[in-house]
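Just so it is clear, none of the values below were taken in a lab; they were calculated from the coordinates. As the structure is a computational prediction, the values presented were derived from the model and not from experiment. Counting neighbours? That spans all protein chains shown, and the Cβs are built from the backbone with ideal geometry, glycine included.
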Amino acid sequence: MYVINAQEPAKGIGNSNITLKGFQKESFKEWNFGVAFLRGSNIPWPGGSYLWGETFINENDFIIEYQYGFALPTLITGKLGIGKRFKKTEVVVGVRPFPFNFYGQTSFIKGKDGYWIASFEFNPTSNFGLSKAIFNVGYRWNLVTINK
């Protein structure tokens, strides 16, 4: 374990040198669990993921966010989204390239070192992608905040 000062960049997996002028950068790690409804099946399948990512927020509370990591059953996954912060709640919409889905995500219930999140994902295509829908709940740990 290591201690991160808000004025120092985080070290390790999940830290990038990406900066956006006028945006504050917040790095995080995230653990999710949920169910997926796969193509050709009406049975919900359990799944989970461990992700690293960054959220960029400007003075108008506009959000740009990405995350990537390991998942079951797909092994790897990622998301790219945009959104808005409303006081302490973040609402993001975006795309998950693999397995392909569009998603909506919101934060809720602030915890000691981060906050809880929930997302609903859907695949609007009839024959592309692995899943029809995914519902996730997870916890996001804040790693570092850098003002640019």
### Query
What FRET efficiency would be calculated for the residue pair residue 133, residue 84, taking the C-beta separation as r and a Förster radius of 30 Å, to the nearest 0.05?
0.80
### Taking the convex hull of Cα positions in the range 55-111, its mean projected area over all directions (nm²)
4.4
### Environment charge of residue 65, counting only residues whose C-beta is closer than 14 Å and scoring Lys/Arg +1, Asp/Glu -1
+2
### Task
Would you mind computing, in nm to one decimal, how far apart the modelled labels at residue 118 and residue 41 are, each placed 7 Å from Cα along Cα→Cβ?
2.4
### Summary
Simple SL model, points at 7 angstrom along Cα→Cβ for residue 93 and residue 17; separation in nm is 3.5
### Summary
Around residue 123 (Cβ within 13 Å, Cβ-to-Cβ, excluding residue 123; K/R +1, D/E -1) the net charge comes to +2
### Task
Report the FRET efficiency, 1/(1 + (r/R0)^6), for residue 125 and residue 70, where r is their Cβ-Cβ distance and R0 is 25 Å, rounded to 0.05.
0.50
### Task
Whole number please: convex hull volume per residue, Cα atoms of the chain, in Å³.
116
